[in-house]
Amino acid sequence: MDILRWNGWGYKDTEFRVNSDGCVELTGDRYLFSGKVLPNFRPWAEKEIGLNMDNQVTGQEACPVPAPRRNEEFLRAVSKACKRLSFEDGERLFHGHGHSCQEIYTLRFSSFDRVPDVVVYPSKHEDVEVIVAAAHAHNVVLIPFGGGTNVSQALLCPPHEERMIVSLDMSEMNRIKWVDRDNLLACIEAGAIGKEMEKELNKFGVCLGHEPDSFEFSSLGGWVATRASGMKKNVYGNIEDIVIKIKFVTPTGTLEKNTQVPRMSVGPDVNQFILGSEGTLGVVTECVVRVRPLPKVRKYGSIVFPDFDSGAAYMFAIGKKRWQPVSIRLMDNVQFQLGMSLKPATDSAAKALIDKAKKYFVTKIRGFSPDRMTAVTLMFEGEPDDVTAQEKRIYGLCSKFGGLNGGPENGERGYFLTYMIAYLRDYAFQYGFIAESFETSVPWNNVLAVCENTKERIRRSCEQKGVPTAPLVSCRITQLYDTGACVYFYFGFIYLGIKADPVQLFSEIEEEAREEILANGGSVSHHHGVGKLRKRYYVPAVSETGARMLQGIKQIVDPKNIFANGNIL
């Protein structure tokens with residue numbers, strides 16, 4: 001927590017900023033282009049988004065925090081089951097929100113009606129059992145906290161809740177308890193953070209391979225609770241494919257299977273009750289997960305296409321043939337241009353000449369339009385011979401769709417952009433620009449319709465609602481399946497000069513975009529979850545009967561509604 005930003009995403013030492021020469025640079029030393037000047041970003045952002053980097057919006061120095069409510073009986077009951085317990089205002093605030101743009105705006109310019117009254121830190125499974133039992137006995141609300149990275153407003157405290165609200169922070173439970181290389185299994189506590197967990201697993205010669213965009217900050221328990229997916233799911237699977245066994249504490253007892261076999265046919269799978277439950281039924285304390293041998297080779301690549309339709313057709317062909325490497329993603333022209341704008345300055349005359357020659361070949365010889373061309377970014381992992389064979393297939397097919405090999409540098413920069421999106425969003429906040437991403441899954445024959453119609457709906461809605469400048473609207477195709485794909489959308493607009501509440505206006509436009517996605521055959525969410533942001537779509541998505549089934553389970557395991565974060569239902 002000490003190294004993280006209180007009013008935005010990521011590390012305190014990492015941010016985009018305008019230097020003394022008027023160019024944007026990335027501070028710190030944690031990322032690919034950290035410490036580099038990005039001379040093309042400011043001109044691009046000022047032209048394409050309309051940012052005025054001479055007009056900075058100053059946010060508040062601190063976000064007001066309401067006084068805590070105390071339940072002394074509960075506090076006495078858990079005093080020996082916490083490694084630490086905190087009423088400190090900054091800590092309570094940090095645990096009272098996620099990272100949707102609405103929440104970041106509130107941190108910078110407003111305040112929350114409620115935040116957790118206290119933060120408790122258990123250090124083992126038995127501590128969690130004591131805390132949950134005490135909450136049940138003394139009628140206290142528990143909200144589990146992993147990495148705090150969700151963008152569905154799942155961590156917001158219900159404003160009208162009268163009971164004491166406790167943030168159950170799992171970060172002290174971050175150990176890898178054991179690794180079984182013979183059976184390729186590992187037992188890991190729920191508070192383990194993705195990046196550090198992967199680093200520790202690598203010491204055993206294995207990896208988990210689950211890498212969501214929030215990989216640096218999100219936790220194993222959070223992945224389970226939100227039914228998460230990662231950029232490398234093509235090889236390693238989604239979280240439901242990785243988890244074998246879950247230990248889950250509820251107010252009426254601990255739920256777990258009695259074995260860790262690869263598959264079992266013993267009635268409905270209880271893991272599925274837990275996956276995606278978003279802190280409404282209980283709290284995950286540890287998981288037995290499937291691991292894989294550490295890949296010997298990782299390589300990046302890219303393919304440039306003349307337009308988005310050509311790239312999408314290529315992705316469809318790759319998906320149908322099941323040729324996808326560990327990661328393959330198609331970005332539209334807006335994201336392609338953004339990626340190019342983040343290219344750092346070079347002191348090498350030879351490299352500059354080569355880059356100029358490449359651009360000339362693509363745009364002049366092959367006739368690709370800079371305003372239409374798109375790119376596929378690629379990551380390959382595995383044994384050397386397998387990676388070579390994958391590359392041959394991937395690059396061999398692209399020419400049938402008008403594609404050109406774009407080289408590894410563009411591919412690596414594309415994955416660097418993954419970790420920069422939230423930093424860029426927060427940077428743009430300083431200049432009156434509000435933005436967010438959301439995602440869906442969609443059948444193959446609806447992919448193009450979802451992409452085009454949703455982007456057009458956002459543009460039309462912004463115009464109808466009086467947004468004075470054209471919004472930034474973009475999409476990319478990320479995870480591939482036999483039957484469809486995941487599509488990510490990004491949109492934002494300058495809110496300066498708008499009389500309406502920017503957060504309310506943004507939420508209304510986002511809801512219209514979601515309605516358009518559903519009308520074109522998309523899902524409510526592919527992996528971000530429901531939270532509070534999308535809860536009105538839950539019942540139509542699963543049917544009245546499905547919702548009653550969840551309510552029935554809730555009544556059995558949590559009859560006093562102790563896990564009362566207000567998510568999903």
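Quick notes on this structure:
- Some residue of segment 199-210 being in a loop (DSSP other than H, G, I, E, B), within 20 Å of the chain's Cα centre (by Cα) and touching a residue at least 40 places away in the same chain (Cβ under 8 Å): yes
- Test: residue in segment 258-269 that is assigned to a strand (DSSP E or B) and of a type in the set (Asp, Glu): no
- Scope segment 53-83; condition over 24 Å from Glu162 (Cα atoms), of a type outside the set (A, V, I, L, M, F, W, C) and either surrounded by fewer than 14 Cβ atoms within 10 Å (Cβ to Cβ) or touching a Cys at 6+ places or on another chain (Cβ under 7 Å) (or both); matching residues: Asp54, Asn55, Gln56, Thr58, Gln60, Glu61, Lys80
- Boolean, Phe491 is open to solvent by less than 30 Å² (accessible area, probe 1.4 Å), modelled with pLDDT of 95 or more and in a strand (DSSP E or B): yes
- Check on Lys47, outside any loop (DSSP other than H, G, I, E, B), at negative phi and either aliphatic (A, V, I, L, M) or open to solvent by 80 Å² or more (accessible area, probe 1.4 Å) (or both): yes
- Residue, farthest from the chain's Cα centre (by Cα), within segment 369-386, restricted to residues that are over 13 Å from Ile328 (Cα atoms) and of a type in the set (S, T, N, Q): Ser369
- Condition check for Asn520: open to solvent by 20 Å² or more (accessible area, probe 1.4 Å), touching a Gly at 6+ places or on another chain (Cβ under 9 Å) and farther than 24 Å from Glu103 by Cβ: no
- For segment 273-368, the helices (runs of 4 or more DSSP H) that sit wholly inside it and include 1 or more residues that are at pLDDT 95 or above are 308-321, 333-341.
- In segment 305-323, the residues that are over 15 Å from Asn445 (Cα atoms) form Cβ pairs under 8 Å with partners that are of a type in the set (Phe, Trp, Tyr) and buried (at least 22 other Cβ atoms within 10 Å of the Cβ), at six or more places apart or across chains, as follows: Phe305/Tyr314.
- If you go through segment 221-250 and keep only what is open to solvent by 20 Å² or more (accessible area, probe 1.4 Å) and either part of a helix (DSSP H, G or I) or without any contact (Cβ under 8 Å) to a residue 40 or more places away in the chain (or both), you end up with Gly222, Ala225, Thr226, Lys233, Asn234, Val235, Glu240, Asp241.
- Members of segment 321-334 that are under 17 Å from Asp309 (Cβ atoms) and open to solvent by 10 Å² or more (accessible area, probe 1.4 Å): Arg329, Met331, Asn333, Val334
- Filter pass, Ala541 being part of a helix (DSSP H, G or I), over 19 Å from Arg457 (Cβ atoms) and in contact with a helix residue (DSSP H, G or I) (Cβ under 8 Å, 6 or more places away or on another chain): no
- No other residue among Leu404, Leu378, Leu397 is open to solvent by less than 40 Å² (accessible area, probe 1.4 Å), touching a Gly at 6+ places or on another chain (Cβ under 6 Å) and over 25 Å from Gly531 (Cα atoms) apart from Leu378.
- Among residues of segment 147-198 being acidic (Asp, Glu) and not in a loop (DSSP other than H, G, I, E, B), the one that is most open to solvent (accessible area, probe 1.4 Å) is Glu196.
- Checked against the criterion of being within 26 Å of Asn238 (Cα to Cα), in a loop (DSSP other than H, G, I, E, B) and of a type in the set (Ser, Thr, Tyr), the candidates Ser525, Ser474 yield just one match: Ser525.
The values are calculated or read from the model by the stated rules, or taken from the named source; none is laboratory data. Computed from a predicted structure; not experimentally measured. Positions of Cβ are backbone-derived with ideal geometry, glycine not excepted, and every protein chain shown enters the neighbour counts. For the accessible areas, the whole protein counts, side chains as well, though only heavy atoms, and no ligand, DNA or RNA atoms are used. Shrake-Rupley method; radii C 1.70, N 1.55, O 1.52, S 1.80 Å.
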